[in-house]
Amino acid sequence: MADFAKISKKLKRVLGKSRVLFQPEEKLAYSFDAGSRRSIPSIVLFPETAREVIEIVETASEFHLPIVPRGAGTGMTGGSIPINDAVALSFERMNRILKIDASNRIAIVEPGVVTVSLQDEAIKFNLYYPPDPASFKMSTIGGNVAENSGGLRCLKYGVTADYLIGTEFITMTGEVIKTGYFDDYRAPYDLTQLLCGSEGTLGIIVKIALRLIDKPHDFLTLSAEFPNPVSAAGSVTDILNSGFTPSVLEFMDKTAIEAVSRQERFDLNEETAALLIIEFDDDAEKNNFYAETTISICRKNGALSVKSAKDAEARENLWKFRRSTSSALTRLNTCKINEDIAVPRSKIAEIVEFVENMAEEIDILIPIFGHAGDGNIHINFIFDKNDTGQSERAEAGVDRLFTKVVELGGSISGEHGIGLAKQKYLPKQLEAGNVAMQKQLKAVFDPQNLLNPGKIFV
Ligand SMILES: Cc1cc2nc3c(=O)[nH]c(=O)nc-3n(C[C@H](O)[C@H](O)[C@H](O)COP(=O)(O)OP(=O)(O)OC[C@H]3O[C@@H](n4cnc5c(N)ncnc54)[C@H](O)[C@@H]3O)c2cc1C
């Protein structure tokens, strides 16, 4: 058992009293993320500089204490849960935008910068940071990089990895490693991309360089209502095959729509059982042409109505409606398992139909929503966790879902990562040799297995 009083005393010397939390009631807020798991950290630390992170790492190594980096705790798979008495290393005080280099279109940030703050800052320079997880008003760039987060706009613009050009990270041996932009792009192995999506298990990221692009100016947003989810899903594939790419193409089924409608006002046809929200952000002429084609595709597939948002406020209301889905579904019962599967775009209708049938068969509510345009759909199992029968049926349903997804050539995680929640399913996706290679990589970066141990691999 580690001597926490001694450790805490040492860390208070490095960080000062106010940046070391040791009392149970203070640590509670760092014991969970947006998933269902909980574990109270042994200590919570708030570094303000890379130098302090190095000292924390050295202390942790000396006392053989695991460390779990933490952004905003909006992760869905338990990546930031401090299991095994780990230290929670919160980056909420390393939250400065260090530079917007407008002429080279590069942003340099600390990991605790909230995603929306970077987006807003870029806009002041007429630039754009496209990755926008639906949690963008809370999530941090450090968390986004560690999870390689996607978002609503990733259909056209790609995910966090497509904008990440460099990192500075600290290993558990206390070394500072500079990659990509910070190392003049010279290293033969691409450690920048290796860190991206490593879920806080390879290095502690303390500085991030991101590519920015020109800000789009014209937006045209459509909402298309359908009498059934399969025809909406079929329309997604038809739109994607029509020769242009919307910037966003989101899907919500009836349960998702009804759940959000309880908290957000939105006029819908009574028979609506699925909603597509589609946005274009090219110039006005192209947007109009794409919208006309999209409207005729939706009508051909039986849409009840296709409406265009008449102004910026109506557009914002649509996105607010969509972005409220995850939290609205949480209120439907005592447990929500949110699986972020991804399938090839040609298989979207097939997976939607599979889930609809399975929900009926196992008698569990399974709403579907998400970034359908890139095949990344959130399948939510909603049930009463106090009812053993329901819990078992939901668990078996998740297993069946993942088997089907892999069979269709898809992925068991489109964007939320593996963390704790999906580690037992990883062998369904990856061959044993691949898993073994990944474990060896982890051991190279973290020989004592102290950085976020017990995550990703069983
Ligand atoms: C309502 C809602 C909507 C969401 N929508 C989306 C979505 O559209 N797309 C999407 O991809 N995800 C989405 N998510 C999931 C989540 O927001 C993302 O995974 C996000 O990137 C997590 O950021 P965070 O700052 O909250 O990180 P945390 O949850 O705190 O941590 C996530 C992981 O990052 C690691 N980490 C954090 N900071 C560092 C660091 N400095 N160095 C090394 N590792 C670090 C942690 O150890 C952990 O493994 C959503 C979540 C919610 C609650």
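Quick look at the numbers
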{"item": "Percent of alpha-carbon pairs separated by more than 23 Å within region 332-417", "result": "16 percent"}
{"item": "Within region 161-247, GluC sites (Glu not before Pro) in DSSP loop having at most 14 other beta-carbon neighbours inside 10 Å", "result": "GLU175"}
{"item": "Charge dipole magnitude, Cβ of K and R +1, D and E -1 - region 385-458, Cα centre, debye nearest 20", "result": "80 debye"}
{"item": "Student exercise, the chain dipole from Lys, Arg, Asp, Glu Cβ charges, in Debye to nearest 20", "result": "1340 debye"}
{"item": "Whole-number percent relative contact order across region 317-401, with pairs defined as alpha carbons under 8 Å at least 6 apart", "result": "33 percent"}
{"item": "CD proxy at 222 nm, helix term only [per DSSP H run n ≥ 4: -39500 (n - 2.57); per residue of the chain; nearest 500]", "result": "-10500 deg cm²/dmol"}
{"item": "Distance between region 7-48 and region 345-397 - C-alpha centres, whole angstrom", "result": "36 Å"}
{"item": "Tail weight of P(r) past 16 Å, computed on alpha-carbon pairs of region 220-326, percent", "result": "53 percent"}
{"item": "Inter-site label distance for ASP190 and SER346 at 7 Å from Cα along Cβ, in nm", "result": "2.6 nm"}
{"item": "Reciprocal of mean inverse Cα separation for the chain (Kirkwood radius, Å)", "result": "23.0 Å"}
{"item": "Estimated inter-spin distance, GLN438 and ASN386, nm [label 7 Å along Cα→Cβ]", "result": "3.7 nm"}
{"item": "Vicinal HN-Hα couplings computed from phi for region 411-416 (Karplus, 6.51 cos²θ - 1.76 cosθ + 1.60; Hz; Gly/Pro x)", "result": "10, 6, 9, x, 7, 8"}
{"item": "Over 25 Å (Cα to Cα) - which of LYS215/LYS310; LYS207/LYS320; LYS137/LYS439; LYS12/LYS442; LYS385/LYS424 fall in this group", "result": "LYS207/LYS320; LYS137/LYS439; LYS12/LYS442"}
{"item": "Within region 30-67: backbone nitrogen closer than 19 Å to the ARG93 label point (7 Å, Cα to C-beta)", "result": "30-31, 41-60, 67"}
{"item": "Relative contact order of region 1-154, pairs being alpha-carbon contacts under 8 Å that are 6 or more residues apart, as %", "result": "19 percent"}
{"item": "Taking region 4-90 and dividing mean pair separation by its residue count, relative contact order in percent (alpha carbons under 8 Å, at least six apart)", "result": "34 percent"}
{"item": "Net lengthening on full extension, SER296/GLU258 (0.36 nm per residue, minus Cα-Cα)", "result": "11.1 nm"}
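Rule-based calculations on the coordinates, nothing more; no lab input. Source: prediction; values computed, not measured. Because the Cβ atoms are built from the backbone with ideal geometry, glycine has one as well, and the counts that use them run over all protein chains shown.
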